[in-house]
Structure formats: C-alpha cells, structure tokens
Amino acid sequence: MAEAFHYEAPVLLSEEHDCDGFDCGHVLLNDWLRRYAWQNQRANAAKTFVVCQGRQVIGYYSLAVGAVDHDAATARVRKGLARHPVPVMVLARLAVDLHHQGKKIGRCLLRDAILRTLRAADIAGIRAIFVHAKDERARGFYERFGFEPSPIHPLQLMLLIKDCQGGIGRGRNTGRPAPPAQIRT
C-alpha cells in the first residue's frame, strides 16, 4: 500500500522557512531559492510561495509581473491586441525537492500559481501566464496544463488567463484542481 502524505497549502516565503536542505536536482533552481528568493521578495521583484514539511521547504514557485514581445506571444495570446508588449504574470521558478517528486506537488504548486494569478488579473491587466521551461521535460509538464509554446522560443510557454477562468489550466488538462487549503497525495 502506498504511503499517504499530507502537506499544507503553499504560503509566502518567510525568514522562518529552511531552504538550505532543498535539492530539486537543478543547481540553478536550488541556488536561486537559497540565495535570491528572499532577497527578491524583500525588493518586491518576485514573490515566492513554498510548500513545507515542518519548516523545511520541499517545493516552491515564484511569480513576477512582466511583458512578452508581441511577436514572441502565441497567436491566441496576441489575437486582438495592438503590436505592443503583452502583459503577463511570469512563473519565474517552480521546483520540487527530489525526495518529494512524483507526488503531484509540482502540479499543486502550478495550480496555486494559477489561482493567485487569476486574483491578480481581477485588478490588473494580465493577458497570460508565461513560463520559460528549463528543458523538454519541463515543457511537457506545462503543456499538459494547456500552456502553448511561443512561435519564436519553444521553451517559452503561455497560458491565456481566459483559459484558466472557470477551470484551473483546463486547456488540455482534464483534471480538477486540488482544494486550495491542502495538498494530499
């Protein structure tokens, strides 16, 4: 029988969280969490949300606002817009510790990021969620949730906000979102 795990919902990174033991298998993602996430958060450059086991961070994602060049946007994202940069929410980082991968934590982190982006889109102009996938494996992960690749940069993907409304990342994903209060695997 599979072991059941229970994690709290993602929360905003604080000084109380322990990031030192985090290892997702990608040095740059590990280093960013340990050295730059808190610094960026204090500077209001990016907000990082974490899932923890106790105080130990086992997964995280970071959000920042940005814009994508009109020509780099997908046809659906730029449809009906003037030839100006397209406002987006940038999913700057998303990673899960190696010991917790395969437990759908990444999927729950992505859904939480989408929910927070929808709330931000209620008060500011955000046309899409933008992510730069680290590799083809990551690209496949995002495509399962309906993200579409840029015509110029195949590892840059976008998901229209309207595709998220009424269903979290429905695009090609047929799954239902996890309850916002907790993650169970």
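A count restricted to segment 19-56 and to residues that are among the acidic types (D, E), free of Cβ contacts under 8 Å to residues at least 60 places away in the same chain and assigned to a loop (DSSP other than H, G, I, E, B) stands at 1.
Conditions (1) modelled with pLDDT of 95 or more; (2) within 23 Å of K104 (Cα to Cα); (3) loosely packed, with under 13 Cβ neighbours inside 10 Å, marked per residue:
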site	(1), (2), (3)
E3	no, yes, yes
Y7	no, yes, no
H17	yes, yes, no
C24	yes, yes, no
N30	yes, yes, no
A46	yes, no, no
V50	yes, yes, no
R55	no, yes, yes
I58	yes, yes, no
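So, in segment 60-77, of the ones that are surrounded by 13 or more Cβ atoms within 10 Å (Cβ to Cβ) and charged (D, E, K, R), which residue ends up farthest from F147 (Cα to Cα)? If we take residues in segment 60-77 being surrounded by 13 or more Cβ atoms within 10 Å (Cβ to Cβ) and charged (D, E, K, R), then D69 is farthest from F147 (Cα to Cα).
A count restricted to segment 115-139 and to residues that are surrounded by fewer than 21 Cβ atoms within 10 Å (Cβ to Cβ) and part of a helix (DSSP H, G or I) stands at 10.
The set of residues in segment 79-121 being over 17 Å from S62 (Cβ atoms) and touching a strand residue (DSSP E or B) at 6+ places or on another chain (Cβ under 7 Å) consists of P85, V86, P87, H100.
The values are calculated or read from the model by the stated rules, or taken from the named source; none is laboratory data. Please read these numbers as outputs of a predicted model, since none were measured by experiment. Cβ atoms come from the backbone with ideal geometry, glycine included; neighbour counts cover every protein chain shown.
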